[in-house]
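Some notes on the structure that comes next.
The values are calculated or read from the model by the stated rules, or taken from the named source; none is laboratory data. Everything numeric in this text was worked out from a predicted model, so none of it was measured. Note: ideal-geometry Cβ built from the backbone for every residue, glycine included; neighbour counts use all protein chains shown.
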Amino acid sequence: MIIAMPMSRGRLAAHFTKAQRIGFFNEYHQLITSFDNPAIGGGGCCAKSELLSLIKAQKTDIVIVQHIGERMLGKLLAAGISVSQGDNAESIEVLLSQTQLMERRLLDASQGRASLNHAKKGGCCASGGDCGSAEGGCGCGGHKPMSEVSSLLQKPESAQGELASVSYSGFRPLS
């Protein structure tokens, strides 16, 4: 099981896409790697798509958030990634240990914050771009080529061995 946590100053970041780094933890709550957040420098919806690609590429099962936008929450849930809500006043160990509590789970995109900027701009698809693709593209027309996104995945700050394969059913209720 892989748990992703957006982090700023060694704690859970207040907002998912504005975190300085994304830490990836194993089922034993050990940090296995972390990456600079590709969405931190701006770049709008295209940079956020790179963040989503990074999380998927790390085979993340659960993401811990304090605050998250409804569009990003919907994309994580659609990708089969469970989302657990925490508070940045809690320690990392407490947050990691509470990821399996039902009352911490976000199960619907409507539980995220509405994006006022997205609505104000008429949505990113208003630019007439064509990057709305099978990858859940945003429609902004400005995604970087996959080779550039892939290069993000090759620069971990630290990695400590390989993970054993673990079967995990996730958070979302079975239909």
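Here are Leu107, Leu96, Leu77: which of them is surrounded by fewer than 18 Cβ atoms within 10 Å (Cβ to Cβ), of a type outside the set (S, T, N, Q) and touching a residue at least 60 places away in the same chain (Cβ under 8 Å)?
Step by step, each of Leu107, Leu96, Leu77 is checked, and only Leu107 is surrounded by fewer than 18 Cβ atoms within 10 Å (Cβ to Cβ), of a type outside the set (S, T, N, Q) and touching a residue at least 60 places away in the same chain (Cβ under 8 Å).
Would you check which residues across segment 16-30 are buried (at least 22 other Cβ atoms within 10 Å of the Cβ), of a type in the set (Phe, Trp, Tyr) and either modelled with pLDDT under 95 or not in a strand (DSSP E or B) (or both) and list them?
Residue satisfying the conditions is Phe16 alone.
If you check Gly142 against the conditions, is it part of a loop (DSSP other than H, G, I, E, B), touching a helix residue (DSSP H, G or I) at 6+ places or on another chain (Cβ under 8 Å) and either at pLDDT 95 or above or surrounded by fewer than 19 Cβ atoms within 10 Å (Cβ to Cβ) (or both)?
When the stated conditions are applied, Gly142 passes them.
For segment 20-39, state whether one or more residues are without any contact (Cβ under 8 Å) to a residue 12 or more places away in the chain and either under 14 Å from Leu95 (Cβ atoms) or not aliphatic (A, V, I, L, M) (or both).
The answer is yes, given that some residue of segment 20-39 is without any contact (Cβ under 8 Å) to a residue 12 or more places away in the chain and either under 14 Å from Leu95 (Cβ atoms) or not aliphatic (A, V, I, L, M) (or both).
Looking at (1) buried (at least 20 other Cβ atoms within 10 Å of the Cβ); (2) farther than 22 Å from Asn88 by Cβ; (3) of a type outside the set (D, E, K, R), can you tell me which one Leu51 breaks?
That leaves (2) as the condition not met.
Given the structure, is Ile64 within 27 Å of Glu103 (Cβ to Cβ), surrounded by 22 or more Cβ atoms within 10 Å (Cβ to Cβ) and either more than 12 Å from the chain's Cα centre (by Cα) or modelled with pLDDT of 95 or more (or both)?
Yes: the conditions hold for Ile64.
Out of all the residues in segment 33-45, which are in contact with a Cys (Cβ under 9 Å, 6 or more places away or on another chain) and surrounded by fewer than 22 Cβ atoms within 10 Å (Cβ to Cβ)?
Result: Gly44, single match.
Against the condition of a type in the set (Asp, Glu) and touching a strand residue (DSSP E or B) at 6+ places or on another chain (Cβ under 7 Å), how does Glu93 come out, does it pass?
No: the conditions fail for Glu93.
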